[in-house]
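Asker: I'd like to ask you about the structure that follows.
The values are calculated or read from the model by the stated rules, or taken from the named source; none is laboratory data. Remember, it's a predicted structure, so these values are computed and weren't measured experimentally. In this analysis, Cβ positions are derived from the backbone assuming ideal geometry, glycine residues included, and neighbour counts consider all displayed protein chains. For accessibility, only protein heavy atoms count, side chains too; no ligands or nucleic acids. Shrake-Rupley method; radii C 1.70, N 1.55, O 1.52, S 1.80 Å.
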Amino acid sequence: MTQDELKTLVGQAALKYVVPGEVIGVGTGSTVNKFIDALATIKDQIKGAVSSSVASTQRLQALGIPVLDANEVDELAVYVDGADEIDGRGYMIKGGGAALTREKIVAALSRQFVCIVDESKVVSSLGKFPLPVEVIPMAAQRIARQFDAMGAHAVLRTVEGQPLVTDNGQHILDVHGLSIDEPLAFEQQVNQWAGVVTVGVFANQRAHVALVGTASGVKALNFG
Ligand code: 5RP
């Protein structure tokens, strides 16, 4: 099975976590796009979605799924999103699609985080995937030096030679060479640095369930 087929498989498998009559939280990325496509087939059963990015909002609306502002809901039953890495405790690295800040906000609103990934994303320890960190542009170089001091190397994400600008008007640093053994402590530490908007370690907002696409089907991991 190709990686794309595995993404389709988990995108469809996540439908069983959608609570009828409720608003669903929707993440961002190529795996979530498969989920959005599947969600469109049961759109009459839900009130709508809270989206974590402009890209997901556009896809949801194009398929006729109403998108609500996050401030219109007190809580969401379920949030479905992908990840760049997920470990055996449900801790994740996210932000490869630059949507980490809104993803963390929608995850924080949700009672259950259902992570959909293909098996290449499951790791024993976080850090091989360069860690995305959304930063206020004027703080980027100082924050990069703070990562250098930890023995890592931060690179400003660019598109066609220009700094990538997120949906929130900020920049992204991709941090190479980290080994994140204590994700909760790491997230808390980096969150406190001046100018950090969001660190792409999702430990406070970890996954409760992962649906992992494998050659032999979808494997569900429950993290409690
Ligand atoms: C976007 C994300 C995505 O969930 C992550 O990058 C995985 O994306 P994909 O499903 O395309 O591999 O965090 O900010």
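Asker: Using alpha carbons only, how many angstrom separate the centre of the range 7-34 from the centre of the range 126-141?
Answerer: The range 7-34 and the range 126-141 have Cα centres spaced 27 Å from each other.
Asker: Related question: For the chain, what is the percent of antiparallel DSSP beta bridges, rounded to the nearest 5? Please list the in-between numbers first.
Answerer: Working: 25 of 44 bridges.
Antiparallel bridges make up about 55 percent of those DSSP assigns within the chain.
Asker: Cα atoms only, the range 90-161: Rg and Dmax in Å?
Answerer: Cα radius of gyration and Dmax of the range 90-161 are 14.2, 40 Å respectively.
Asker: Here's something else I'd like to know. Mark the label point 7 Å from the Cα of Ala149 along Cα→Cβ and return the residues of the range 173-209 whose backbone N is within less than 13 Å of it.
Answerer: Counting backbone N atoms under 13 Å from the label point, the list is 190, 193-194.
Asker: Using each residue's phi in the range 189-202, evaluate 6.51 cos²θ - 1.76 cosθ + 1.60 at θ = phi - 60° and report the 3J(HN,Hα) Karplus result to the nearest Hz, with x for Gly and Pro.
Answerer: 5, 5, 4, 8, 5, 4, x, 7, 8, 8, 9, x, 7, 9
Asker: Would you mind checking the tilt of helix 140-149 against the longest principal axis of the Cα atoms of the chain, expressed as 0 to 90 degrees and rounded to 10?
Answerer: 70
Asker: Next question. What residue among Pro130, Pro163, Pro183 shows peak mean-square fluctuation when the chain is described by a Gaussian network model with Cα springs under 10 Å?
Answerer: Pro163
Asker: Moving on. Normalising by the residue count of the range 131-200, find the relative contact order in percent from Cα pairs under 8 Å and 6+ residues apart.
Answerer: Working: 109 pairs, mean separation 33.3, N = 70.
After rounding, I find 48 percent.
Asker: Express the relative contact order of the chain as a whole percentage, based on alpha carbon pairs under 8 Å and six or more residues apart in sequence.
Answerer: Values: 505 pairs, mean separation 50.0, N = 224.
Contact order relative to length: 22 percent.
Asker: Regarding the range 1-74, what's the average projected area of the Cα-atom convex hull, expressed in nm²? The partial results should precede the final answer.
Answerer: Details: hull surface 18.7 nm².
About 4.7 nm², averaged over all directions.
Asker: Quick one: pull the percent of accessible area on the chain belonging to carbon and sulfur, 1.4 Å probe, ligands and nucleic acids left out.
Answerer: 49
Asker: So what's Rg/Rh here for the range 74-224, counting alpha carbon atoms and using the Kirkwood radius for Rh?
Answerer: 0.97
Asker: So which GluC sites (Glu not before Pro) in the range 110-208 pass both tests, a DSSP loop state and at most 10 other Cβ atoms within 10 Å of the Cβ?
Answerer: Here the GluC sites (Glu not before Pro) that fit, given the DSSP loop and packing criteria, are Glu160.
Asker: If the convex hull of the alpha-carbon atoms of the range 131-200 is projected onto planes in all directions, what is the mean projected area in square nanometres? Could you put the intermediate results ahead of the total?
Answerer: Working: hull surface 18.1 nm².
Orientation-averaged projected area of the Cα hull: 4.5 nm².
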